[in-house]
Amino acid sequence: MARFYSNENLPTDLVNALRKLGHDVLTSYEAEQANQKIPDAAVLTYATTKHRIFITLNRKDFIALHQSGLHHSGIIICKEDRDYGGQAQALHDYFLNSGDELSDRLLRVQKQNRPQADQQIFVIREYSQ
């Protein structure tokens with residue numbers, strides 16, 4: 001299972017859904033790093049020193065950090081969507097099936113566009129540098 005570090009903008013329901021699936025999620029609140037205006041680069045470095053994949057909703061800033069070449073243990077950007085269970089399940093399935101190392105890689109959880117489908121699904125896509 002994956003080891004994540006989430007910042008304060010990741011919904012608690014998504015954290016709990018990931019934990020329910022067996023993933024180890026350390027939140028910035030639990031690490032006593034929340035609400036301190038810590039720069040994003042320092043947050044990412046903290047996650048990396050703890051050997052954790054950083055998970056967030058903050059797309060713009062962390063794509064920029066990824067593209068800057070800053071070393072990290074992996075970044076996952078989730079979607080602002082109330083289907084937290086669907087996003088957690090997509091990530092869970094990815095980690096069960098891939099076994100890939102995420103060091104210096106960025107993944108995005110996105111909703112697949114399926115017109116007229118009863119249920120939308122989430123997919124995992126890699127974002128290149």
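The values are calculated or read from the model by the stated rules, or taken from the named source; none is laboratory data. Computed from a predicted model, the values in this text were never measured in an experiment. A quick note on method: Cβ atoms are made from the backbone with ideal geometry, for glycine too, and the neighbour counts reach across all protein chains shown. With ligands, DNA and RNA removed, areas are computed over all heavy atoms of the protein, side chains included. Shrake-Rupley method; radii C 1.70, N 1.55, O 1.52, S 1.80 Å.
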note = Among (1) open to solvent by less than 60 Å² (accessible area, probe 1.4 Å); (2) over 21 Å from residue 9 (Cβ atoms); (3) part of a strand (DSSP E or B), residue 110 falls short only on (2)
task = Can you confirm whether region 16-27 contains a residue that is touching a Gly at 6+ places or on another chain (Cβ under 8 Å), modelled with pLDDT of 95 or more and among the β-branched types (Val, Ile, Thr)?
result = no
task = Please determine, by comparing only the residues of region 1-54 that are among the basic types (Lys, Arg) and either part of a strand (DSSP E or B) or touching a residue at least 24 places away in the same chain (Cβ under 8 Å) (or both), which one is surrounded by the most Cβ atoms within 10 Å (Cβ to Cβ).
result = 52
Among (1) closer than 12 Å to residue 2 by Cβ; (2) assigned to a loop (DSSP other than H, G, I, E, B); (3) open to solvent by less than 70 Å² (accessible area, probe 1.4 Å); (4) at pLDDT below 95 - the single one residue 73 does not satisfy = (4)
